[in-house]
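Let me begin by presenting the structure, written as structure tokens, before commenting on it.
Just so it is clear, none of the values below were taken in a lab; they were calculated from the coordinates. Bear in mind the structure is a predicted one, so any value in this text is a computation, not a measurement. All Cβ positions, even for glycine, are placed from backbone atoms using ideal geometry, and neighbour counts span all protein chains on display.
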Amino acid sequence: MLKSMKLSTEQINLLLDESKNHRCEPYDCCVQLVGIADLPSQFGEFQICALVSPCDGKEHTAIIKGDIVNKENVLVRVHSECLTGDVMGSKRCDCREQLLESLKRIQEEGQGALLYLRQEGRNIGLTEKIKAYALQDKGLDTIEANVALGWQPDQRDYGVAAHILRTLGMTSIRLLTNNPDKVRQLSNHGIIITERVPLIIETNEYNQAYLETKAQKTGHLLGDKAKVVDVTEVLSHSSDSIDK
Ligand SMILES: [Zn+2]
Ligand SMILES: [Zn+2]
């Protein structure tokens with residue numbers, strides 16, 4: 001069956017109407033879909049969805065490809081904003097590479113979604129992240145630096161992401177991630193994940209230590225665990241990671 005290129009105007013109007021009349025409890029973790037527009041990019045033809053949540057008051061977006069409504073096994077990336085990596089091309093992390101690779105894979109598949117969550121610096125914000133970088137310049141690792149500033153190692157919450165996936169009507173997903181905590185949280189929020197899709201990016205001299213810390217301290221599925229795709233097995237690795 002030929003995959004449909006994008007959501008039709010009728011489908012968009014239906015989703016917007018549903019969202020306008022939707023209120024869930026607790027309301028403060030609800031999400032409203034407020035607009036969908038075409039987004040041709042260097043990767044292909046996409047559509048971009050504007051989403052707002054009283055949960056964090058932030059403007060989240062989802063970049064979608066094809067007709068994902070009521071579809072199973074949709075290829076999904078849940079990406080947290082990283083201004084230094086995504087926009088400035090920083091080599092301190094692998095965010096930009098993961099972002100671009102995800103868009104490329106979704107384009108190749110002809111169907112999928114990338115959620116772009118405004119959770120900069122594992123949700124400590126840009127200023128705090130730069131302060132954490134300064135501590136890392138003095139020898140702390142990425143986890144130690146966040147903790148030294150009074151934060152949890154990872155402040156992110158994927159409740160809003162789970163709601164966005166439901167708002168856009170996907171029934172189950174294949175998740176592009178190396179982070180078992182993301183798989184665990186989304187599953188706990190009721191999202192059916194049928195497969196974990198590895199997103200392996202080549203390391204460089206600047207992000208190698210950062211990625212090793214993620215593998216050792218937060219259970220990221222890198223190195224010998226990079227090929228694990230079974231969700232039950234991924235979740236078994238999540239339990240020995242740092243608990244939020
Ligand atoms: Zn809601
Ligand atoms: Zn980054």
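Below is a table of values for the structure above.
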| item | result |
| --- | --- |
| Kyte-Doolittle mean at least 1.0 and Cα axial length at least 18 Å: DSSP H helices in the chain | none |
| Equivalent ellipsoid semi-axes, the stretch 131-179, via Cα gyration tensor eigenvalues times 5, rooted, Å | 33, 12, 7 |
| Prolate/oblate/rounded label for the stretch 76-125 (Cα gyration tensor, a/c 1.5) | oblate |
| Helix-only mean residue ellipticity at 222 nm for the chain, each DSSP H run of n ≥ 4 adding -39500 (n - 2.57), per residue, nearest 500 | -10000 deg cm²/dmol |
| Share antiparallel - DSSP beta bridges, the chain, percent rounded to 5 | 60 |
| Separation between Cα centres of the stretch 76-137 and the stretch 1-69, rounded to whole Å | 20 |
| Convex hull of the stretch 168-244 built on C-alpha atoms - directionally averaged projected area, nm² | 5.6 |
| Space enclosed by the convex hull of the alpha-carbon atoms of the chain, per residue, Å³ | 125 |
| Coil-residue GluC sites (Glu not before Pro) of the stretch 160-231, DSSP, other Cβ within 10 Å capped at 10 | 202, 205 |
| Cross-link pairs beyond the 23 Å C-alpha cut-off, checked among 20/104; 104/131; 58/91; 138/217; 6/227 | 20/104; 104/131; 58/91; 6/227 |
| The chain: relative contact order as a whole-number percent, Cα under 8 Å and 6+ apart | 18 |
| Surrounding net charge for residue 88, when Lys and Arg each add one and Asp and Glu each subtract one, Cβ distance under 15 Å | -1 |
| DSSP-loop trypsin sites (Lys or Arg not before Pro) across the stretch 181-217, with at most 16 other Cβ within 10 angstrom | none |
| Lys, Arg +1 and Asp, Glu -1 on Cβ, resulting dipole of the chain about Cα centre, debye, nearest 20 | 80 |
| For the stretch 77-209: span of alpha carbons on each principal axis (Å, largest first) | 46, 29, 21 |
| Rounded if a/c under 1.5, otherwise prolate or oblate - the stretch 1-102, Cα gyration tensor axes | oblate |
| Selected from 110, 90, 78, residue furthest toward positive end of dipole (the stretch 77-139; charges at beta carbon) | 90 |
| GNM result for the chain, Cα springs below 10 Å: residue of 153, 180, 26 fluctuating most strongly | 26 |
| In the stretch 20-119, the GluC sites (Glu not before Pro) that fall in loop regions by DSSP, at most 12 other Cβ within 10 Å | 72 |
